[in-house]
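Presented below is the structure to which this report refers.
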Amino acid sequence: MEDLGIRPDECTMAAVLSACAGLGALSLGERLHSRYIGGELCSQNIILSTALIDMYSKSGKIDSSLHMFQGIPKGLRTVSLFNSMISGLAQHGLGESALAVFREMESLGLRPDSVSFVAVLSACSHSGLIEEGKELFRSMLDVYGIRPHKEHYGCMVDLLGRDGCLDEAYDLIRSMPFEANSVIWRALLGSCKLHGNVKIGEVAAQKLIELEPDHGAHYILLSNMLANTNKWEQAVRVRKLMEDKGIQKPPGWSYTEFQGTIHWFLASDKSHLQDKRIESMLQDMAMQLKSAGYVPNTAQVVFDIDEEEKETVVSCHSEKLALAFGLVNSSTGETIRIMKNLRVCGDCHSAFKLLSKIYCREIIVRDASR
């Protein structure tokens with residue numbers, strides 16, 4: 001369209017910015033913003049402002065989202081604009097800020113809708129704001145007359161489960177006025193894995209397998225939960241069941257952008273043109289982590305191999321390969337942004353926080369959930 005000299009209109013920009021948000025394509029989103037959307041147009045056009053806030057949030061630039069949001073006159077702000085900002089803050093784990101934006105929406109006389117409550121309950125869940133979440137959930141029906149849907153119950157199950165209130169979360173599921181879907185059971189199973197509650201976890205896993213018998217992620221979650229609680233034989237049996245049924249887990253891949261080109265990585269893959277440099281950086285990362293006293297979390301590696309080999313497996317996850325590539329090719333102080341199609345594992349999550357300090361880098365990773 002640009003090659004033909006056709007100037008994009010509002011509909012074009014909203015669509016392309018939405019695509020950039022989905023991909024985390026920050027450099028393209030920034031170029032579109034600077035080239036086609038001026039400051040005055042942005043502050044007056046709420047549709048484009050909402051799309052830009054969403055794009056910056058999902059690309060890891062939450063400060064840019066907040067800056068844009070604060071530059072829009074209060075009289076022009078809509079519920080959709082507030083929802084976009086609250087969702088962005090929730091994805092970044094900034095629960096208190098998300099609550100503050102939600103309260104600001106209320107103070108302006110705007111009535112939150114069903115999407116508003118999904119966003120703010122999600123924010124409470126990721127920030128451990130248990131009482132605030134419970135009060136918001138009650139206010140949906142009592143104050144605003146909004147009957148909770150499955151998405152809201154899913155947020156509450158996640159909220160309670162993360163805090164370790166697994167019995168309460170399970171009771172909430174059983175008290176719902178409709179059958180729980182796979183999202184709700186998966187939230188409960190994830191919390192059971194986090195807190196090592198095999199009893200309720202197996203119930204959740206069984207429900208998931210009944211609902212989606214060919215979904216490999218459910219078997220993996222159950223297997224990892226059993227492995228985390230040292231129930232190795234049961235974990236191996238679950239993996240064997242997957243194998244017997246011909247169910248495959250989708251491969252985990254990560255990508256990062258460098259000089260306008262996307263670089264993709266699979267776990268333990270050695271096909272990249274810079275493989276030798278990446279491997280050298282991986283070794284440096286492992287040495288630096290060891291010097292800092294970090295012990296790799298190998299609990300989720302259920303293969304029958306020794307501990308040293310397990311550490312090698314987790315050291316070659318796709319997001320670590322992408323990080324090594326980013327460290328090799330970017331300048332000191334430059335932010336490294338990585339996208340992953342599946343959930344980032346516990347070891348990578350913890351290791352990245354320490355590597356960020358070791359290399360004095362801001363590292364932004366986005367996975368299938370956050």
(request) Could you list all residues from the stretch 238-277 that are more than 14 Å from MET339 (Cα to Cα) and touching a Lys or Arg at 6+ places or on another chain (Cβ under 7 Å)? (result) none
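Which of the residues that make up the stretch 323-333 are closer than 10 Å to PHE258 by Cβ and surrounded by fewer than 24 Cβ atoms within 10 Å (Cβ to Cβ)?
Across the stretch 323-333, the qualifying residues are GLY326, VAL328, ASN329, SER330.
Going by what's in this entry, would GLY93 be described as open to solvent by 10 Å² or more (accessible area, probe 1.4 Å), of a type outside the set (Ser, Thr, Tyr) and either within 25 Å of HIS149 (Cβ to Cβ) or part of a helix (DSSP H, G or I) (or both)?
Yes; evaluated as a whole, the condition is true for this residue.
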(message) Show me the helices (runs of 4 or more DSSP H) found entirely inside the stretch 1-81 where at least 1 residues are open to solvent by 30 Å² or more (accessible area, probe 1.4 Å) and β-branched (Val, Ile, Thr).
(response) 10-23, 46-58
(message) With the requirement that a residue be open to solvent by less than 30 Å² (accessible area, probe 1.4 Å), assigned to a helix (DSSP H, G or I) and of a type outside the set (Ser, Thr, Tyr), what does the stretch 127-157 give you?
(response) ILE130, GLY133, LEU136, MET140, HIS152, GLY154, CYS155, MET156, VAL157
(request) Please determine, by comparing only the residues of the stretch 177-201 that are charged (D, E, K, R) and touching a helix residue (DSSP H, G or I) at 6+ places or on another chain (Cβ under 7 Å), which one is most open to solvent (accessible area, probe 1.4 Å). (result) ARG186
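Report yes if TRP264 is open to solvent by 70 Å² or more (accessible area, probe 1.4 Å), free of Cβ contacts under 8 Å to residues at least 24 places away in the same chain and in contact with a strand residue (DSSP E or B) (Cβ under 8 Å, 6 or more places away or on another chain), otherwise no.
yes
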(request) Would you check if ILE363 is under 14 Å from PHE258 (Cβ atoms) and touching a Ser or Thr at 6+ places or on another chain (Cβ under 8 Å)? (result) no
(request) Check off (1) open to solvent by 30 Å² or more (accessible area, probe 1.4 Å); (2) closer than 26 Å to CYS20 by Cβ; (3) at pLDDT 90 or above for LYS276 and give me the number that stays unchecked. (result) (2)
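The values are calculated or read from the model by the stated rules, or taken from the named source; none is laboratory data. Here the structure is a predicted model, which is why all the values come from computation and not from measurement. FYI the Cβ positions are ideal-geometry reconstructions off the backbone, even for glycines, and counts take in every protein chain you see. Quick note on the areas: whole protein, heavy atoms, side chains included, nothing else; ligands and nucleic acids left out. Shrake-Rupley method; radii C 1.70, N 1.55, O 1.52, S 1.80 Å.
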